[in-house]
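Each value in this text was obtained by applying a stated rule to the coordinates, not by laboratory testing. Nothing here was measured: the structure is a model prediction, and the numbers come from that model. Quick reminder, even Gly has a Cβ in these numbers, built from the backbone with ideal geometry, and neighbours come from all protein chains shown.
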Amino acid sequence: MKRAEWRSRLGFIAAAVGSAVGLGNIWRFPYIVGEGGGAAFVLVYIMCLFLVGLPVLLSEITIGRKTAKSPEAAFDQLGKWKYLGRMTIFTGLIVASFYSVVSGWTLGYLIQALSGGLTHFTTATQAENHFTHLTSSYTWCVGYHFLFMLLSAGILYTGVQRGIESWNKVLMPMLFLVLLGLVAKGLTMTGATSGLSFLFSPKWSALTPTAIMLALGQAFFALSLGQGTMVTYGSYVSKKENLPSTCLPIATFGLFISLLAGIAIFSIVFSVGLKVDSGPSLMYETLPLVFSKVRGGTLLAVAFFALVFMAAITSQISAMEPMIAYLGDRFKWKRHHAVILTASLAFILGIPCALAFGIWSDFKLFGMNLFDLTSSLAVNILIPIGGLAAVLLVGWRWGAKKAFEHIRLGAEDFTNRYALFMRYLKFSIKFIAPISIIIILLGIFL
Ligand code: PHE
């Protein structure tokens, strides 16, 4: 059976951008920017994205394209690192499990927004109670987790080209248009400038080592690195494709969307004089309160939650695809069966996370509930290890020289013209990226 391949270069870029742009960019990024020093943080984030993120992204896509295999076999072929490859597939599955829980809330809120149920709050406490009431109901949480997983599985079921590629090509432009609409609305509201100054005024003192590590971790999560996703998406790229030039738009577009989301969210929130809060409450409490206060709130609420939903589902499918590809490559499973098993596993693994806000909220380990525990394990530990494995494989084990010979395929003109940029990428893959990742990991363990 012939292995799947993207129909076009644009299709691949749309899928990779769809994977990158998710809850991490639209919801987490704006908040950590505001907290972490505004423009000062954005500057550090951009450096992390291009100094470390881009080289890791290129490494992962190259591993995939060279081998045309899913992560386990790919890591095995290039460096006999089968177990590390398998670990990244497992990381993807864990991400798919908790990601679907929060994304399920988004779907639930979208449906509420459509029926006008999100615009009747007069105080912050009401919006908060509404959120606590919903997330502590296990039928609501598990129900929407299930529905979201079902929709994701539906897209994956129809295949790489007809499912992943086609849906991303539709959802990404739609997401962009809705986001532009929200930015336009935000910027024309009174008081928008205080939101912008929260987001962009440089506060150098907030730029602590912790904030810098947060920026690096965010760059990893936002580019969907370290969890088999980009290796798998790379394995569907044709040998004729110019890899370095496709990595650039993926990183840049992700950054651009994050900044626009920040502008939209903060100009809207500050225009009604509210302060932003951390964690889920920004998206599920503060914003609904704002939507209740402004004119056209219902439409705004629908647009916002539709935006987040589109961003989430295109990322969700990319977290599940490595496992699906693995079952197909390794055990010759039919795609349909692989999708059903992967979605069922991710659904079951996600149930404890879904219950962590309700009946199992008292269950804590290291001071964290099951949701925080699972997401921190993935984001702070497994993802950096997966990214480290990819750059060490490309830079040292397989070898930068051989890897860059492969990268030249389909990119001769580009690599000749931008020889300096290519040299820099090679240097970062060998030194800057692994050293930075080791520093993040040490920072967590120390
Ligand atoms: N890149 C996604 C985000 O920023 C995170 C993610 C990565 C989700 C890979 C799923 C798979 O939200």
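Between helix 9-20 and the chain, what is the angle of the helix's C-alpha long axis to the longest principal axis, kept within 0 to 90° and rounded to the nearest 10? Long axis of 9-20 versus the principal axis of the chain: about 50 degrees.
Here the dipole of region 9-445 is about 1260 debye; that uses its Cα centre as origin and unit charges on the Cβ of Lys and Arg (positive) and Asp and Glu (negative). Listed by chain and number, the lysines whose alpha-carbon sits under 17 Å from that of K293, ignoring those within fewer than 8 places in the same chain, are K185, K275.
Test of understanding: in a Gaussian network model of the chain with alpha carbons linked when under 10 Å, which of T210, T91, T374 would top the mean-square fluctuation ranking? Of the options given, T210 has the highest mean-square fluctuation. About its Cα centre, the dipole of region 291-410 is roughly 400 debye, where the only charges are +1 on Lys and Arg Cβ and -1 on Asp and Glu Cβ.
Between T252, T122, T62, the Gaussian network model of the chain with springs among Cα atoms under 10 angstrom shows the greatest mean-square fluctuation at T122.
Across region 247-335, the convex hull enclosing all Cα atoms gives 131 Å³ per residue. GNM on the chain, alpha-carbon springs under 10 angstrom: the most fluctuating residue among K66, K203, K430 is K203.
Can you tell me the FRET efficiency between E405 and K80 if r is taken as the Cβ-Cβ distance and R0 is 25 Å, rounded to the nearest 0.05? Efficiency computed from Cβ-Cβ geometry: 0.80. Listed by chain and number, the lysines whose C-alpha is less than 16 Å from the C-alpha of K239, apart from same-chain residues fewer than 8 away, are K2, K66, K69, K402.
Once each of the chymotrypsin sites (Phe, Trp or Tyr not before Pro) sitting in a DSSP loop with at most 14 other beta-carbon atoms within 10 Å is removed, the chain keeps 1-362 as its longest stretch. Here the extension length gained between I444 and E412 equals 7.5 nm, from 0.36 nm per residue of separation less the Cα-Cα distance. The relative contact order of region 9-445 comes to 35 percent, based on Cα pairs under 8 Å that sit 6 or more residues apart.
Phi angles of region 66-72 translate, via the Karplus equation with coefficients 6.51, -1.76, 1.60 and θ = phi - 60°, into HN-Hα couplings of 4, 8, 6, 9, 6, x, 4 Hz per residue; Gly and Pro are given as x.
Taking Cα atoms only, the orientation of helix 166-187 departs from the longest principal axis of the chain by about 40 degrees. Each of R86, R9, R423 has some number of other Cβ atoms within 10 Å of its Cβ, and from fewest to most they run R423, R9, R86. Largest first, the extents of the alpha carbon coordinates of the chain on the three principal axes equal 62, 48, 43 Å. Annotation: amide H-H contacts under 5 Å for W81 (H modelled 1.01 Å from N, sequence separation of 5 or more, or interchain): D76. Placing unit charges on the Cβ atoms of the charged side chains and taking the dipole of the chain about its Cα centre, the candidate lying farthest along the positive direction among L388, S376, I440 is L388. The order of D372, D329, going from fewest to most other C-beta atoms within 10 Å of their C-beta, is D372, D329. Karplus-based coupling profile of region 85-97, in residue order and whole Hz: x, 5, 4, 5, 5, 5, 4, x, 5, 5, 4, 4, 6, with θ = phi - 60° in 6.51 cos²θ - 1.76 cosθ + 1.60 and x standing for Gly or Pro. Over all pairs of different C-alpha atoms in region 110-252, the reciprocal of the mean inverse distance, the Kirkwood hydrodynamic radius, equals 20.1 Å. When both region 207-250 and region 80-123 are represented by their alpha-carbon centers, they are found 20 Å apart. Sorting V56, V276 from the fewest to the most surrounding beta carbons within 10 angstrom yields V276, V56. Per-residue 3J(HN,Hα) values for region 221-226, derived from phi via the Karplus relation 6.51 cos²θ - 1.76 cosθ + 1.60 with θ = phi - 60°, read 5, 5, 9, 6, 8, x Hz in sequence order (x marks Gly and Pro). Farthest toward the positive end of the dipole of the chain, out of N416, L300, F200, is the Cα of N416, where the dipole comes from beta carbon charges about the Cα centre.
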